[in-house]
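The values are calculated or read from the model by the stated rules, or taken from the named source; none is laboratory data. Everything quoted here is computed from the prediction, not taken from an experiment. Here the Cβ positions follow ideal geometry from the backbone for every residue, glycine too, while neighbour counts run over all protein chains shown. When the accessible area is computed, the model is the full protein with side chains, heavy atoms only, and any ligands, DNA or RNA have been set aside. Shrake-Rupley method; radii C 1.70, N 1.55, O 1.52, S 1.80 Å.
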Amino acid sequence: MDIQTFDLLRKPIVTEKSTLMQEQGRYAFEVSTEATKHQVKWAVEEAFGVRVIKVNTMNMRGKRKRYGPRYTGMKSWKKAIVTLAPGDSITIFEGV
């Protein structure tokens with residue numbers, strides 16, 4: 001199975017909570033729904049050149065939205081919170 005790094009890592013999650021987590025060396029990403037913890041660890045280490053200590057994943061259920069009289073559903077997605085080794089950081093998030 002040949003998986004590319006950026007097929008697994010969709011985009012970083014930049015929220016107030018994730019910005020506060022960066023001080024502890026934890027970063028949040030939206031990842032592929034089929035991605036495992038080992039694959040996420042490999043992808044982050046490969047893309048950013050850092051050492052990953054821990055990966056937590058969670059499936060985020062799509063919310064139900066209403067547009068006028070009809071209801072529709074947002075897509076479900078998967079979130080990964082990655083803890084880096086002390087001293088490592090991801091520079092994409094600096095200054096955001």
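Data for the structure
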read-out: Sequence-separation-based contact order of the chain, relative, with Cα cut under 8 Å and 6+ spacing, percent; value: 30
read-out: Accessible-area composition of the chain, carbon plus sulfur, in percent [1.4 Å probe]; value: 49
read-out: Average accessible surface area per residue within the chain, 1.4 Å rolling probe, Å²; value: 71
read-out: Label zone at Glu30, where the point sits 7 Å out along the Cα-to-Cβ direction: segment 51-65 residues whose backbone N lies under 13 Å; value: 60-63
read-out: Percent breakdown of C-alpha pair distances by 10 Å bin, ordered from the shortest bin, for segment 1-61; value: 20, 57, 21, 1
read-out: Stretch gain in nm, segment Leu20-Thr5, where the contour uses 0.36 nm per residue and the Cα spacing is subtracted; value: 2.8 nm
read-out: Helix 37-48 vs. the chain, principal-axis angle (Cα, 0 to 90°, nearest 10); value: 60
